[in-house]
Amino acid sequence: MISGQLAEDLVRPVNEGSHPLPELADRYDLRDLVDQYFDKLIQRETLTAKISARVLELALLCNANSSRDLAAAFLATHPTPTMQKNPPGAFFTLTPEAASVVLSRDDLRVSPVARFHEREVLRLVDLWVEKNASQVEKAGLLVKAVRLELFSLSDLTSFQHELGSLQL
């Protein structure tokens, strides 16, 4: 009998290399199946920075918007395990597309301190480029995610001198 529910054994572990079922479901616009797959995937694992990074990448690949938002929100609001420099946090393992989703969030926290300046986000982009030198040509995606309208005038005029990896 068909129940309309996705069987638990069809959902692969989050760290497994490929997830063909949600990719196929996305190709044929079976949104309910994609959503069920990601719901079960997320329920199975405790969200950590590393797992959230993987879920975000998969969700972007399969157009699973609610799971994308959930994973990006976790990464944006947990700065210590996500954005630490050494060893590199989960943010630095993200593709440019996934990193830009995290950077564009209103709830982004770059440090555990309650308040931070938006220019710290630009420094985070600079660090991402430093740690992902092979993808420097895609750094524009991350820079576009920085909300320059929140910069002060002095920040806008001085940030060019503060950046290392993004210098032209």
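Things worth noting here:
- Scope region 132-158; condition at pLDDT 80 or above and surrounded by 15 or more Cβ atoms within 10 Å (Cβ to Cβ); matching residues: Asn132, Gln135, Lys138, Ala139, Leu141, Leu142, Val143, Ala145, Val146
- Test for Ser18: is it surrounded by 14 or more Cβ atoms within 10 Å (Cβ to Cβ), under 21 Å from Ala99 (Cα atoms) and not charged (D, E, K, R): no
- Region 39-83, residues that are within 15 Å of Ser104 (Cβ to Cβ), at pLDDT 95 or above and of a type in the set (S, T, N, Q): Asn65
- Scanning region 149-160 for residues that are out of contact with any Asp or Glu (no Cβ under 7 Å at 6 or more places or on another chain), part of a helix (DSSP H, G or I) and either free of Cβ contacts under 8 Å to residues at least 24 places away in the same chain or farther than 13 Å from Arg123 by Cα (or both) returns Glu149, Leu153, Ser154, Leu156, Thr157, Ser158, Gln160.
- Top-ranked residue in region 79-97 [being in a loop (DSSP other than H, G, I, E, B) and over 17 Å from Ala59 (Cβ atoms); ranked as nearest to the chain's Cα centre (by Cα)]: Gly89
- Within region 17-52, restricting attention to residues that are free of Cβ contacts under 8 Å to residues at least 12 places away in the same chain and in a loop (DSSP other than H, G, I, E, B), the residue that is nearest to His78 (Cα to Cα) is Thr46.
- Against the test of being surrounded by fewer than 19 Cβ atoms within 10 Å (Cβ to Cβ) and modelled with pLDDT of 95 or more, the options Asp35, Asp9 yield a single qualifying residue, Asp35.
- Of the listed requirements (1) surrounded by fewer than 17 Cβ atoms within 10 Å (Cβ to Cβ); (2) within 18 Å of Ile51 (Cα to Cα); (3) under 16 Å from the mean Cα position of the chain (by Cα), Asp107 misses just one: (2).
- The one condition from (1) assigned to a helix (DSSP H, G or I); (2) in contact (Cβ under 8 Å) with a residue 40 or more places away in the chain that Val14 does not meet is (1).
- Among the conditions (1) under 20 Å from the mean Cα position of the chain (by Cα); (2) surrounded by fewer than 13 Cβ atoms within 10 Å (Cβ to Cβ); (3) not aromatic (Phe, Trp, Tyr), the only one that Ile42 does not satisfy is (2).
The values are calculated or read from the model by the stated rules, or taken from the named source; none is laboratory data. Nothing here was measured: the structure is a model prediction, and the numbers come from that model. Every residue, glycine among them, receives a Cβ derived from its backbone with ideal geometry; neighbour counts consider all protein chains shown.
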